[in-house]
1. Restricting attention to the stretch 217-248, which residues are part of a loop (DSSP other than H, G, I, E, B), more than 25 Å from residue 286 (Cβ to Cβ), out of contact with any helix residue (DSSP H, G or I) (no Cβ under 6 Å at 6 or more places or on another chain) and at pLDDT 90 or above?
2. What is the one condition in (1) closer than 18 Å to residue 148 by Cα; (2) at pLDDT below 85; (3) surrounded by 15 or more Cβ atoms within 10 Å (Cβ to Cβ) that residue 6 does not satisfy?
3. Please find, within the stretch 49-73, the residue that is farthest from residue 219 (Cα to Cα) out of those that are without any contact (Cβ under 8 Å) to a residue 60 or more places away in the chain and surrounded by 11 or more Cβ atoms within 10 Å (Cβ to Cβ).
4. Do we find a residue being in contact (Cβ under 8 Å) with a residue 12 or more places away in the chain, in a strand (DSSP E or B) and buried (at least 21 other Cβ atoms within 10 Å of the Cβ) anywhere in the stretch 99-109?
5. Among the residues in the stretch 249-261, are any out of contact with any strand residue (DSSP E or B) (no Cβ under 6 Å at 6 or more places or on another chain), part of a helix (DSSP H, G or I) and either at pLDDT 95 or above or surrounded by 17 or more Cβ atoms within 10 Å (Cβ to Cβ) (or both)?
6. Take residue 284 and decide whether it is at pLDDT 90 or above, within 25 Å of residue 80 (Cα to Cα), exposed (fewer than 14 other Cβ atoms within 10 Å of the Cβ) and within 22 Å of the chain's Cα centre (by Cα).
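The values are calculated or read from the model by the stated rules, or taken from the named source; none is laboratory data. Worth saying up front: this structure is predicted, and the values here are computed from it rather than measured. We place every Cβ from the backbone using ideal geometry, glycine too, and count neighbours over all the protein chains shown.
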């Protein structure tokens, strides 16, 4: 997208050369050896589901996969999230979950924890059976950072001059998983799940864990990625695109009327629509990012009627 914006402005010479495209005659896959020599077991290995267990879970949710779903787009105002982040960090400092005087929680940690509470409260009936369910939160992430560096497999801004700042134009995605319980999430403040998300990022986002996760996929007969939890779990999945900077893309070179709109926003996206087709994962949410006003946007697909319940929860908190 950055390259497209530069091309529109006639700045072709500033477009970065993709990683390894300067050697087109060589068939090169930088991730070909990833996962072939893991150095430690995966930290969530005891919670990994078998193929049979995953099949049982899928059959139990067949109505969600095949039923009618609704999609909505939600704008989370900057003022609301700022207050929520401040309150959540304060709650975490007061709790026994951390010994840090100033524990770190990102806006994304807090946003995902809060939205999981909204979605789960609206989705599951308030019964003892629901409260006994396992909660699994899947957060898609880019392993470019743990797999980068001087001796890494992928380029980063801190890599050697040969690969520095060269974009890797291919899929490189993993998942950070949090396995907890519905009862813990619904009976505790947002700070508890936010802290679990941050802890999972620290523990599972290392180079060695980024090596072990694909090793588990390679060892699967069907080459399926590992799933964690149990056959009765409630699963929520996120894909956060904030670091991609989609709201910061400059396509002002395509603007015909250069006097239209606010000058500082001219040629910048103000709304991004996520659209999924084919197989749609229930309780899967995309966060396109944060706009120029600091407001976050998210969207997702849920069973028919659930969005109305979520709107009530967001208005009343219950």
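1. 230, 232
2. Failed condition: (1).
3. Selected residue: 58.
4. no
5. Just the residues of the stretch 249-261 that are out of contact with any strand residue (DSSP E or B) (no Cβ under 6 Å at 6 or more places or on another chain), to begin with: 249-261.
Among the residues that remain, those that are also part of a helix (DSSP H, G or I) are: 252-254.
This time we only want the ones that are either at pLDDT 95 or above or surrounded by 17 or more Cβ atoms within 10 Å (Cβ to Cβ) (or both), so: none.
No, there is no match, as no residue in the stretch 249-261 is out of contact with any strand residue (DSSP E or B) (no Cβ under 6 Å at 6 or more places or on another chain), part of a helix (DSSP H, G or I) and either at pLDDT 95 or above or surrounded by 17 or more Cβ atoms within 10 Å (Cβ to Cβ) (or both).
6. Details: at pLDDT 90 or above: yes; within 25 Å of residue 80 (Cα to Cα): yes; exposed (fewer than 14 other Cβ atoms within 10 Å of the Cβ): no; within 22 Å of the chain's Cα centre (by Cα): yes.
When the stated conditions are applied, residue 284 does not pass them.
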